[in-house]
Amino acid sequence: MTMSSQNITPPRWLLAELTYACPLQCPYCSNPLDYAKHKDELSTEEWKRVLTQARQMGAVQLGFSGGEPLTRPDLIELVAHARSLGYYTNLITSGYGLTEEKIVALKTAGLDHIQVSIQASTQELNDHIAGTASFEHKQHVAHLVKKHGYPMVLCVVIHRENIHQMPDILAMAQNLGADYLELANTQYYGWAHLNRDLLLPTKAQFDEAEAIAQAFKEEMAGKMKIYYVVPDYYENRPKACMNGWATTFLTIAPDGMALPCHSARELPNFDCPNVRELSVSAIWHESKAFNFFRGFEWMREPCRSCDEKEKDFGGCRCQAYLLTGDASATDPVCSKSPQHGVIDELIVSAQRASGSNEKPLVFRNTQNARKFTT
């Protein structure tokens, strides 16, 4: 199917990456490796214009993300503007720097939802992974979120450094009164791709952790909603990336670059448009980047004739590029891909690296590039 202006669906979910600045230095950060080059952040008025234009197109869900969105002094003003437009708003935060006073101000401005991330179940490991002494503050913030009437939404990114803590992570979520828990196995883009050999759990580690999490999910049915995000590399089919390229999700980077997914700026020669130069509507409907992988005409075999293409849309374009050097290739995660062997090779490479102390994790702040022994 070739997409035309008549059957292009409007964006429904807008991710506003307000800044790449962050007090944390996580080695799995999804921000681009060269994030420091993109310092020319959109102004308050530019963000308001973007939010207004996207809402006029039909976007209803709005995520404020980063980096750390709390570092933007205009966050409360942007939340209030979003509320006036009728968005359902979600603050995606590390919680670092979030005070009770700011929570009250955000609630008054109309913020609907707060998602707090914690890196591990112990202070020592959390603070090591975050590169910042933040564990105690995050715990405090989790209680404040609950105190002020928000559902407690907790996110823990899972990888080899913390996967052994799965029982304790689940106990922590229960102790914090989490209403929603996202156990997000690391997806390997940005800094996580750079550190993949040291972050990818073994299949045995993954299977054990998943069994523990699924048993807990059954135990907590009706009490806590648990979302378990499976790592692509241990699947035989790729995820339906972004629900299909430029069908539902729109990301705006801190410098105004418009992206069909948050990692798309990694794709070479892609000419991603900027909201400083074009309206959101023109970007969504007319830009080369947003039309490049719409529909199915771009697909090669085996995707083109696959009876599952309307389910997974050929998989992730950024992942295909990172693993094969070709963004149009079948996602190698798929067992039907002629390059599926790449996945087997990187799993072996990661398992080999797990027994070596020669290669340290690379943090966003390279001063923290050190090996942690559990």
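You can think of it this way: the chain between Gln123 and Asp40 has 26.4 nm of extra reach, that is 0.36 nm per residue less the Cα-Cα gap.
Charges were assigned to the Cβ only: +1 to each Lys and Arg, -1 to each Asp and Glu. The resulting dipole of the range 203-315 about its Cα centre is roughly 220 debye. Taking the Cα centre of the chain as reference, the dipole from Cβ charges on Lys and Arg (+1) and Asp and Glu (-1) amounts to some 380 debye. Residue ranking by accessible heavy-atom surface, 1.4 Å probe, largest first, among Val60, Val145 comes out as Val60, Val145. Over all other residues within a Cβ to Cβ distance under 13 Å of Gly325, the charged ones net out to -1, with Lys and Arg as +1 and Asp and Glu as -1. In this structure Glu208 has an accessible area near 120 Å², from a 1.4 Å probe over the protein heavy atoms. Any idea which of Thr108, Ser134, Val157 is furthest toward the positive side of the dipole for the range 83-160, if Lys and Arg beta-carbons carry +1 and Asp and Glu beta-carbons -1? My answer, from the dipole projection, is Thr108.
Lys and Arg at +1, Asp and Glu at -1: add these up for the other residues within a Cβ distance under 12 Å of Lys223 and post the number.
On the way: positive: Lys217, Lys225; negative: Asp179, Glu218, Glu219.
With Lys, Arg at +1 and Asp, Glu at -1, the neighbours total -1.
Computed over protein heavy atoms with a 1.4 Å probe, the accessible surface of the range 142-261 works out to 36 Å² per residue. If you take the square roots of the eigenvalues of the alpha-carbon gyration tensor of the range 37-111 and sort them as a ≥ b ≥ c, do you get rounded (a/c under 1.5), prolate (a/b over b/c) or oblate? In terms of gyration-tensor shape, oblate.
Calculated [222 nm] ellipticity per residue, helices only, for the chain: -9500 deg cm²/dmol; basis is -39500 (n - 2.57) per DSSP H run with n ≥ 4, divided by all residues, nearest 500. Expressed as a whole percent, the accessible surface of the chain that belongs to carbon and sulfur atoms is 50, based on a 1.4 Å probe.
Listed by chain and number, the lysines whose alpha-carbon sits under 28 Å from that of Lys147, ignoring those within fewer than 8 places in the same chain, are Lys102, Lys107, Lys138, Lys217, Lys223, Lys225. Calculated from the structure at hand, mean projected area of the Cα convex hull in nm² is found among (1) 20.7; (2) 19.1; (3) 18.0 as (3). A probe of 1.4 angstrom, applied to the heavy atoms of all protein chains, finds Glu345 with accessible area near 130 square angstrom. Each Lys and Arg adds +1 at its Cβ and each Asp and Glu adds -1 at its Cβ; summed about the Cα centre, the range 4-72 shows a dipole of about 220 debye.
Ordered from largest to smallest accessible area (heavy atoms of protein chains, 1.4 Å probe), the residues Lys37, Lys203, Lys48 come out as Lys37, Lys203, Lys48.
Could you tell me what percent of the DSSP beta bridges with both partners in the chain are antiparallel, to the nearest 5?
10
Of Thr93, Thr108, the order by accessible heavy-atom surface (1.4 Å probe, DNA, RNA and ligands excluded), from most exposed downward, is Thr108, Thr93.
Round to the nearest 0.05 the FRET efficiency obtained for Thr202 and Lys223 when R0 = 30 Å and r is the Cβ-Cβ distance.
On the way: r = 31 Å, r/R0 = 1.04.
For Thr202 and Lys223, the calculated efficiency is 0.45.
For the range 95-141, report the accessible area per residue in Å² (1.4 Å probe, heavy atoms, rounded to an integer).
The answer is 38 Å² per residue.
Seen from all directions on average, the range 161-320 presents a Cα convex hull projection of 12.0 nm².
The values are calculated or read from the model by the stated rules, or taken from the named source; none is laboratory data. Treat the numbers as computed from the prediction; the structure is a model and nothing was measured. In this analysis, Cβ positions are derived from the backbone assuming ideal geometry, glycine residues included, and neighbour counts consider all displayed protein chains. For the accessible areas, the whole protein counts, side chains as well, though only heavy atoms, and no ligand, DNA or RNA atoms are used. Shrake-Rupley method; radii C 1.70, N 1.55, O 1.52, S 1.80 Å.
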